[in-house]
Amino acid sequence: MNNKGASLKGFLTWIGVLLVFLLISNMFLTKKSVTSLPICPSGSVNCQVSLGELFDRAVKLSHYIHFLSSEMFNEFDERYAQGRGFITKAVNGCHTASLTTPEDKEQAQQIHHEDLLNLVLGVLRSWNDPLLHLVTEVQRIKEAPNTILWKAAEIEEQNKRLLEGMEKIVGRVQPGDTGNEVYSRWSGLPSLQLADEDSRLFAFYNLLHCLRRDSHKIDNYLKLLKCRLIHDSNC
């Protein structure tokens, strides 16, 4: 190949690399833009966002968290649970079981909005500790996919943002009150560090199952609260 041909090939290769880079960058920016806007600026004493907008952002964020938790559970289930009989085992009680939560929309509609708001805060606070350790411990799983690692870290970060936003909402609905400090403590770290691989993976399976379940409940409760407090209906 002459020098002209080699130069053209090199130029086309460079263009191809640049296009791939731009594509990946665009995907990253698009994904980050979904949650780049905080529910309310951190440290803002008097948030200028309306209550309706606060609820809009909280609902979108809770839906995003539930979407990620469902994807992470499904990916973990497909990669690690197949053939281990996890699905046939009775899933251990979730650590948030001590918080009495309505099982469906009809039950949730019977709860006063202040109690339902405090319940949302309690569940979100109950996940702070397990999500923090999940991010660390999931890295020790053999050949853990980057997608699972990323989702664990993303959920941990967004759960904290949602909790901060809900504290702002509670302060608006119940001035002078940021909700009670009731939450359920998690004691499952030793299970995520067991030497027996099957037992350790089942502990992860159980935790991710509970995360998916609780994130779904939060998502539903917030939609109901938005309808009740912003649109004055139970939707």
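Worth pointing out:
- With R₀ set to 41 Å, the beta-carbon distance separating H112 from R84 gives a calculated FRET efficiency near 0.40.
- Of the GluC sites (Glu not before Pro) found in segment 113-154, those in coil by DSSP whose Cβ has at most 10 other Cβ atoms within 10 Å are E143.
- Most to least accessible of E106, E157 (protein chains only, probe 1.4 Å): E106, E157
- Selection of trypsin sites (Lys or Arg not before Pro), segment 96-144, meeting DSSP coil and at most 14 other Cβ within 10 Å: K142
- Shape of segment 79-171, Cα gyration tensor, a/c cut at 1.5: oblate
- Shape category assigned to segment 81-235 from the gyration tensor of Cα positions, a/c cut at 1.5: prolate
- Spacing of the modelled spin labels on E53 and N74, each 7 Å from Cα toward Cβ, amounts to 3.4 nm.
- Candidate aspartates and glutamates - alpha carbon under 20 Å from K160, same-chain residues fewer than 8 apart omitted: E53, D56, E71, D129, E137, D177, E181, D214, D219
- Greater than 18 Å apart at Cα, pairs in K105/K168; K151/K223; K60/K217; K151/K226: K105/K168; K151/K223; K151/K226
- Within the full protein context, the accessible area of V182 is estimated at about 80 Å² for a probe radius of 1.4 Å.
- Legend: residues R228, R79, sorted from most to least accessible area (1.4 Å probe; ligands, DNA and RNA excluded), read R79, R228.
The values are calculated or read from the model by the stated rules, or taken from the named source; none is laboratory data. Because the structure is a prediction, the values reported are computed rather than measured. We place every Cβ from the backbone using ideal geometry, glycine too, and count neighbours over all the protein chains shown. The protein model used for the area step is the full one, side chains on, heavy atoms only, and it has no ligands, DNA or RNA in it. Shrake-Rupley method; radii C 1.70, N 1.55, O 1.52, S 1.80 Å.
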